[in-house]
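What follows is calculated from the coordinates using simple rules that are stated; it is not laboratory data. Being a predicted model, the structure only gives us computed values, none of them experimental.
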Amino acid sequence: MSVAAIRRFRADDVDAMLRFARALPEHDLLFLSRDIKHRRVVEAWVEAVEDGFIDSLVAEDESGLVGTAAVVRDPLGWSPHVGEVRLLVAAEARGRGLGRDLLQEIFRIALQRDLKKLVAQMTPDQAGAIALFESLGFRGEALLRDHVQDRDGQLHDLAILSHDVGRVAAQLGAFGIA
């Protein structure tokens, strides 16, 4: 098993991201508002990165992309202090700490962007993902019943977890940790 390098998502990653997304189990993508298996969606993602609305990372090893994480912000909306976290890790790369590494980098970005709150969405049956987010301080905030629909028409609940970045940053600051 190789170690994945984490770096910023770039415009020249579109084809690699499409290969990565198309290899993921369909169920892993249900929490996303758009289907990243489509080129136009990934190209719009690149534009949002370039416009400063998304900070996005990828993890790659010799096989290609094995993970991605992003924090989506809307600095023009009513909640410019909130970032939505999106995290995807290839099935074969799970259990190696890659998701944790990506999320920790997202926390750094959230602090740099002066975000006060992070939210994450996933289906409640994604126990591993929920455990990871909870281990980093996220807590359940809402459950939306029958909120997403898969390609077969099956409805799924959507869990929303949140993290108070501002509170944690203040606690660290009180201990002299920047």
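Odds and ends about this structure:
- Counting only the Cα atoms, region 50-145 fills a convex hull of 118 Å³ per residue.
- Measuring nothing but how far apart in sequence close Cα pairs (under 8 Å, 6+ apart) lie, relative to its length, region 1-147 scores a relative contact order of 20 percent.
- Legend: Rg and Dmax of region 128-167, from Cα coordinates, 12.7, 41 Å.
- Mean residue ellipticity (222 nm) of the chain, computed from DSSP H runs ≥ 4 via -39,500 (n - 2.57), nearest 500: -10000 deg cm²/dmol
- Among Ser33, Ser135, Ser56, residue whose mean-square fluctuation peaks in a GNM of the chain (springs only between Cα atoms under 10 Å): Ser33
- Region 113-123 - phi-based ³J(HN,Hα) in whole Hz, Karplus 6.51/-1.76/1.60, Gly and Pro as x: 7, 6, 6, 9, 9, 10, 10, 9, 10, 6, 6
- If you take the Cα centroid of region 89-142 and the Cα centroid of region 9-31, the two points sit 17 Å apart.
- Cα Rg over Rh - the chain, Kirkwood: 0.95
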